[in-house]
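> Take a look at this one; I'll ask things after.
Readers should treat all values here as calculations from the given coordinates under stated rules, not as data from a laboratory. Everything numeric in this text was worked out from a predicted model, so none of it was measured. Quick reminder, even Gly has a Cβ in these numbers, built from the backbone with ideal geometry, and neighbours come from all protein chains shown.
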Ligand SMILES: [Mn+2]
């Protein structure tokens, strides 16, 4: 089958085993595809590729089997798993992509992003994003013990929960002018991102924007083939 799949925002964590099972099934069902792109927040939290949790081991194993069966795998970190790195990608037979990234999918240049960089009205978050995506900050953090990093992750999560509950709905979505700018800057007429958990197809002046959904009650994915683009979902029993 000639098709490429894109998913994001699975937010895998050990307390939601149904989502892990849904990914396992999805990988088995699509072993004959050309490629799978994971556009960020595969994990709810990721404190470094050296964190050897049972969940990390399980997901590593299923992705490794998937790539061994043939498909290419590309991973782009999200705002939750921004520390996802080359060691994890090597272990699963995948490639790490920087955000943003333009790829050609069956002849159509396509801009891939996690999507958080488009939410520019949230200036507080953008400042945090700039810090956490800097390689100097990441190197320093990764040099700390797993215990320290676990504690920091808990603190960040708590802070993010408090911040999110105080923000207006529209701040959490993308800024339309930023979308137009991204499409023009990268000279593409198609983009795909996740992050906002608002699966949809949007027509902008400069091109089309596909938004992936998160995996909770439903698992969302985009199928791109020479025949076209389809946003699909399936039920997950949590
Ligand atoms: Mn996100």
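Yes or no, residue by residue, for (1) buried (at least 22 other Cβ atoms within 10 Å of the Cβ); (2) more than 16 Å from the ligand (Cβ to nearest atom); (3) over 15 Å from the mean Cα position of the chain (by Cα); (4) part of a helix (DSSP H, G or I):
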site	(1), (2), (3), (4)
67	no, yes, yes, yes
70	no, yes, yes, no
73	no, yes, no, no
77	yes, no, no, no
80	yes, no, no, no
91	no, yes, yes, yes
99	no, no, no, no
104	no, yes, yes, no
110	yes, yes, yes, no
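> Taking region 119-132 as the region of interest, how many residues are assigned to a helix (DSSP H, G or I) and either surrounded by fewer than 16 Cβ atoms within 10 Å (Cβ to Cβ) or away from the ligand (no atom under 11 Å from the Cβ) (or both)?
At the first step, the residues of region 119-132 found to be assigned to a helix (DSSP H, G or I) are 123-132.
From what is left, the residues that are either surrounded by fewer than 16 Cβ atoms within 10 Å (Cβ to Cβ) or away from the ligand (no atom under 11 Å from the Cβ) (or both) are 123-124, 126-128, 130-132.
Number satisfying all stated conditions: 8.
> Name the residue that is farthest from residue 199 (Cα to Cα), counting only residues in region 1-15 that are within 16 Å of the ligand (Cβ to nearest atom) and part of a loop (DSSP other than H, G, I, E, B).
As a first pass, look at region 1-15 and keep what is within 16 Å of the ligand (Cβ to nearest atom): 6-13.
Those still in the list that are part of a loop (DSSP other than H, G, I, E, B) too: 8-11, 13.
Numbers: 8: 11, 9: 11, 10: 13, 11: 15, 13: 21 Å.
By that ranking, first place goes to 13.
So that you can scan it fast, the table gives a plain yes or no per residue for (1) touching a residue at least 12 places away in the same chain (Cβ under 8 Å); (2) out of contact with any strand residue (DSSP E or B) (no Cβ under 7 Å at 6 or more places or on another chain):
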{"site": "17", "(1), (2)": "no, yes"}
{"site": "20", "(1), (2)": "yes, no"}
{"site": "26", "(1), (2)": "yes, no"}
{"site": "29", "(1), (2)": "no, yes"}
{"site": "37", "(1), (2)": "yes, no"}
{"site": "42", "(1), (2)": "yes, no"}
{"site": "45", "(1), (2)": "yes, yes"}
{"site": "55", "(1), (2)": "yes, no"}
{"site": "65", "(1), (2)": "yes, yes"}
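> Give the number of residues within region 31-46 that are within 25 Å of residue 100 (Cα to Cα) and away from the ligand (no atom under 16 Å from the Cβ). Even if it seems obvious, please write down each step before you answer.
Our first condition is that a residue be within 25 Å of residue 100 (Cα to Cα); within region 31-46, this holds for 33-46.
Then keep just the ones that are away from the ligand (no atom under 16 Å from the Cβ); that gives 33-36.
Residues meeting the conditions: 4.
> Moving to a separate point now. Could you identify the single residue in 229, 211, 179, 188 that is under 18 Å from residue 104 (Cβ atoms), surrounded by 14 or more Cβ atoms within 10 Å (Cβ to Cβ), touching a strand residue (DSSP E or B) at 6+ places or on another chain (Cβ under 8 Å) and in contact (Cβ under 8 Å) with a residue 60 or more places away in the chain? Before you say what the answer is, go through the steps one by one.
Working: 229 fails: in contact (Cβ under 8 Å) with a residue 60 or more places away in the chain; 211 fails: under 18 Å from residue 104 (Cβ atoms); 179 fails: under 18 Å from residue 104 (Cβ atoms).
So the residue among 229, 211, 179, 188 that is under 18 Å from residue 104 (Cβ atoms), surrounded by 14 or more Cβ atoms within 10 Å (Cβ to Cβ), touching a strand residue (DSSP E or B) at 6+ places or on another chain (Cβ under 8 Å) and in contact (Cβ under 8 Å) with a residue 60 or more places away in the chain is 188.
> Right, something else. Of everything in region 138-190, what is in a loop (DSSP other than H, G, I, E, B), on the phi < 0 side of the Ramachandran plot and over 21 Å from the mean Cα position of the chain (by Cα)? Give them in sequence order. Before the answer, list the steps.
Of all residues in region 138-190, those in a loop (DSSP other than H, G, I, E, B) come to 143-145, 166-168, 173-175, 186-189.
If we keep only those that are on the phi < 0 side of the Ramachandran plot as well, we get 143-145, 166-168, 173-175, 186, 188-189.
Result: 143, 144, 145, 166, 167, 168.
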